[in-house]
Structures are given as C-alpha cells and as structure tokens.
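The values are calculated or read from the model by the stated rules, or taken from the named source; none is laboratory data. Predicted model, so just to flag it, every value in this text is computed and none were measured. Every residue, glycine among them, receives a Cβ derived from its backbone with ideal geometry; neighbour counts consider all protein chains shown. With ligands, DNA and RNA removed, areas are computed over all heavy atoms of the protein, side chains included. Shrake-Rupley method; radii C 1.70, N 1.55, O 1.52, S 1.80 Å.
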Amino acid sequence: MTSQEVSAPTGSTSSDAASDTESNVDRARHLSRLLADRIIAIANPETVLVVGCGRGLLVQALADKGVDAHGIDESDDKISAAPVDVRPRLEVASPTKPLGGRYDVVTCLDVLAALDPADAQAGLDSICAATDRIVFAATPGAGSAHASLFAPSDWMAAFAERGFFRRTDVTLDFWTPWTTLFERADLQPRDIVHRYEMSLGSLEAEVREKRAALAAADGQTSQRHADLTDQLTRAQHQVLTTRDHIIGLEAEAAQLQSQVERLNKRLIATQERSKKLRDRLHTTRRRATRAERKLAAMTGSRAWRIGTLLTGSRRAKR
C-alpha cells in the first residue's frame, strides 16, 4: 500500500468507481488510524514526519491524537486533494533532499522502493539524518521498471550501515507484510545476535509446530490417498465385472433376438399356411353348399320322386 493513495479499479463505471474510491479511502483512513495508534503506543512521539504523505490521511490521524505531524510528497496533485484542515501540514518536497529538521518518528511507506537505486540511497540518508525511529515499508516489486530492486534483506543491511536496526519485538504487518520499525542504536554484536536470536527462536518454534502439523496432515493425506486408491481399485473391479455382465447380457440378448426372428419367420409361415387352409376350407364349403343345393333340387324334382317309386316297387316284388 502506498502512502495514503487510493484509486478506483480500471473499467468501473463512474458510479461504481466513485463507490470503490470511497470504500478504498475509508479503508486507508482506518489503517492510518491503526498505524497512528501503534506509533503513539510504541514511541509516544511529539513530532512525526510522513514521507510520501499523499493526501495526508496518516498525518491527519496523528494530528487528531495530538501529535505535531507533518507530511511531504512529490505530487502537488495529491497534496491539493488532501482535506482542507490537514493541507497546511503538508508540503511538496522530495525525500531524496535533506528534510530540514529533527523528528521523533519518520514514516516512509513504499516510497523509496519506487526510486532508482541511487535516489533510494539518498532517501535513506535523508530520513536517517532526521530521526532516530523510522517506520519503513518497501514492498518487493513496487514501482516502475527503473525502481530499486532491493530485497527486504538488502533494506535491512542498508539501515544497519546507517546505525539503524530492526525492532524485532514490534510488528506492523497489518499495514503490509514488509512494514518494519527501525531504531537507531549502538549495538554490540552480542546485542544484535541476542535480539535476532530471540525473534528467530520463536519463528523456529512456529516452523517446528507447522512442520509437525504438516507431517500429521501428510500422514492423514497418505492414509486418505491409500483409502481412495483402494476404493478406486474396488470401483475398477466392479466396473470390469459389470462390463463382463453387460457383455454376457448383450450376447444373451442377441441370441434371444435371433430366436425371436426365427419364431417370427415361423409364425409368418404358419400364418400363410393357415390362410391357405382357410381359403381351401372356404372353397370346399362353397362346393359342398353347391352340391347340397344340387342334391336338394334333384331330390325335390318329379323325376326323382317317380324314379324312387319305380325303384321301390321293383324292390318290393323281389
């Protein structure tokens, strides 16, 4: 986070941009108040200079707490956009030039990281000459392509060259993970080692704890992986068995389909023979009906009756 700067996201509509900007300003103001409280709690300063003050939110937060706070920034536009009541405390100036006074605390948040290496070194000289306590932040990769490429350890070493050492008992990472309080101190090697070892000891304990938790989680993950592998193997076996059953059912279905086709053919042949038999039966019945009609007509004729009488008399004589 740069010093008190807020911008709307690219591509926002005017109403959305205004809403986002207001939200960002509120967040920056809240963080500025938190940082002001921490600075007062740690150093109880009477005077503070905010290098790269932007619109003066941190200056305003400190002034509201009764601190004689002032700010400098290279951008006249940012200072012009500051609240009216804090604008008199702000000045357009470069951090690479002498700051022209002594302050209980100087803050320099993501300002020097955006400068060329030579200007960054000059800025370090300026702020270190103006105070004994510096709240400093340099986000890796911040700034333009020509910016300083210092790693966090390089900044630490650069401050140490000027007699400033990190307060390992103070954390300001709510601002950014790289925000650090440096303090001028005439430390002997033993003091430096003791200070850093105290911090390193707690970090090592935390690392050991996290490693143990990671190892436990890795064991659980391995067991879970084994369980899942076993489940997968069983599922694959079930899939293969099911596939075999499906293949068997498909073969059985093919056989049944073949039988159905054969039965359909036989049924069709039987139906054709039945039709032929019905046709023959119908023809036979028609012939029988005609024969019956002829017979009836014959037996009912006069000739049939005379013939019957004659035939019957001859049989009687015999």
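Observations, loosely collected:
- Residue in the range 127-139 that is at pLDDT below 95 and out of contact with any strand residue (DSSP E or B) (no Cβ under 7 Å at 6 or more places or on another chain) present: yes
- Pair list, Cβ under 9 Å, 6 or more apart: the range 100-123 residue more than 16 Å from Phe159 (Cα to Cα), other residue open to solvent by less than 30 Å² (accessible area, probe 1.4 Å) and among the β-branched types (Val, Ile, Thr): Arg102/Thr131; Tyr103/Val48; Tyr103/Thr131; Asp104/Val48; Asp104/Val67; Asp104/Thr131
- Considering Arg302, Arg278, the condition of being surrounded by 10 or more Cβ atoms within 10 Å (Cβ to Cβ) and either touching a His at 6+ places or on another chain (Cβ under 9 Å) or not polar (S, T, N, Q) (or both) is satisfied by Arg278 alone.
- Breaking point among (1) in contact (Cβ under 8 Å) with a residue 60 or more places away in the chain; (2) open to solvent by less than 70 Å² (accessible area, probe 1.4 Å), for Arg38: (2)
- Any chance Thr283 is open to solvent by less than 60 Å² (accessible area, probe 1.4 Å) and in a helix (DSSP H, G or I): yes
- Every listed requirement among (1) surrounded by 20 or more Cβ atoms within 10 Å (Cβ to Cβ); (2) out of contact with any helix residue (DSSP H, G or I) (no Cβ under 6 Å at 6 or more places or on another chain); (3) modelled with pLDDT under 95 is met by Leu49 save one, (3).
- Tally of residues being part of a loop (DSSP other than H, G, I, E, B) and either buried (at least 22 other Cβ atoms within 10 Å of the Cβ) or touching a Phe, Trp or Tyr at 6+ places or on another chain (Cβ under 8 Å) (or both) across the range 72-82: 1
Every residue, every condition in (1) in a helix (DSSP H, G or I); (2) open to solvent by less than 60 Å² (accessible area, probe 1.4 Å); (3) not basic (Lys, Arg), yes or no:
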site	(1), (2), (3)
His70	no, no, yes
Val84	no, no, yes
Glu91	no, no, yes
Ser94	no, yes, yes
Gly100	no, no, yes
Ala113	yes, yes, yes
Asp119	yes, no, yes
Ala122	yes, yes, yes
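- Scanning the range 136-145 for residues that are buried (at least 17 other Cβ atoms within 10 Å of the Cβ) and out of contact with any Phe, Trp or Tyr (no Cβ under 8 Å at 6 or more places or on another chain) yields Ala142, Gly143.
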